[in-house]
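Enquirer: I have a structure here, written as structure tokens, and I will follow up with some questions on it.
The numbers here are math on the coordinates, done by the rules we state, and not lab data. In this text, all values refer to a predicted model and were calculated from it rather than measured experimentally. Heads up, the Cβs are rebuilt from the backbone with ideal geometry, glycines too, and the neighbour counts pull from every protein chain shown.
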Amino acid sequence: MAEPEPAEPVSAVGTWGEGAENQPQLVLSEDGSLGGTDGCNRLFGSWEQHGDVVSFEEVGSTMMACPDVQTWLAGLDSARVYGDTLHVVNASGIEIGTLVRASE
């Protein structure tokens with residue numbers, strides 16, 4: 001019996017998160033640039049994808065103080081795409097949160 005073909009990795013290109021006030025959102029562009037917000041500060045940088053793993057590079061942000069806003073996304077290092085969910089991990093490899101693909 002033949003082995004099943006591995007599923008094609010899901011592309012991370014697109015918008016992740018709802019973008020509501022004080023909510024995190026990432027926009028991953030086809031050219032490898034990223035933009036978005038951690039719910040308070042603007043995020044910018046670059047990314048690349050190998051299989052289902054997304055690596056974030058040279059990520060910077062503005063530095064505003066926002067009491068009562070959970071800014072977990074600012075700690076991103078990499079992520080994995082599982083269906084319509086982006087599982088974000090920090091530099092220690094610990095999952096710090098998830099973002100659902102926004103309907104376009």
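Enquirer: Residue 65 - would you say it is touching a residue at least 60 places away in the same chain (Cβ under 8 Å) and not aromatic (Phe, Trp, Tyr)?
Expert: Answer is no for this residue.
Enquirer: Mind counting the residues in the stretch 68-104 that are in contact (Cβ under 8 Å) with a residue 24 or more places away in the chain, aliphatic (A, V, I, L, M) and farther than 21 Å from residue 30 by Cα?
Expert: 3
Enquirer: Taking the condition of being hydroxyl-bearing (Ser, Thr, Tyr) and closer than 17 Å to residue 33 by Cβ, how many residues in the stretch 55-104 meet it?
Expert: Summing the residues that are hydroxyl-bearing (Ser, Thr, Tyr) and closer than 17 Å to residue 33 by Cβ in the stretch 55-104 gives 4.
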